[in-house]
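**Student:** What follows is a structure written as structure tokens; I'll ask about it next.
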């Protein structure tokens, strides 16, 4: 993951945790700690996201190009 993207993601986790803390009424802020654990878990899964998006974009592009080629050849054949 790019340095700027990871820093932005970490900053968003920090800010959202601070905002959650303001409304947390649980004993010893256990809700905030759980919220932070969940957000960090979400962030650790983000490392796979760019690779998955790249593969999806490649397959979608090839699908569109193949479909456009078939449609174009249908017009030429007529």
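**Student:** Among the numbered criteria (1) modelled with pLDDT of 75 or more; (2) exposed (fewer than 10 other Cβ atoms within 10 Å of the Cβ), which one does residue 17 miss?
**Tutor:** It fails just one condition, (2).
**Student:** Which residues, taken from the stretch 23-37, are closer than 19 Å to residue 10 by Cα and either surrounded by fewer than 13 Cβ atoms within 10 Å (Cβ to Cβ) or in contact with a strand residue (DSSP E or B) (Cβ under 6 Å, 6 or more places away or on another chain) (or both)?
**Tutor:** The answer is 37, and nothing else.
**Student:** Can I ask one more? Within the set of pairs 6 or more residues apart or between chains, which connect a residue that is on the phi < 0 side of the Ramachandran plot and assigned to a helix (DSSP H, G or I) inside the stretch 6-23 to a residue that is modelled with pLDDT under 85 and surrounded by 12 or more Cβ atoms within 10 Å (Cβ to Cβ) with Cβ atoms less than 9 Å apart?
**Tutor:** From the stretch 6-23, the pairs are 6/43; 6/46; 9/1; 9/43; 9/46; 10/43; 12/43; 13/43.
**Student:** Would you be able to tell me the number of residues in the stretch 37-51 that are at pLDDT below 65 and in contact with a helix residue (DSSP H, G or I) (Cβ under 7 Å, 6 or more places away or on another chain)?
**Tutor:** Residues that pass the stated criteria total 0.
The values are calculated or read from the model by the stated rules, or taken from the named source; none is laboratory data. If you're wondering where the values come from, they're calculated on a predicted model, not measured in any experiment. All Cβ positions, glycine included, derive from the backbone under ideal geometry; neighbour counts span all protein chains shown.
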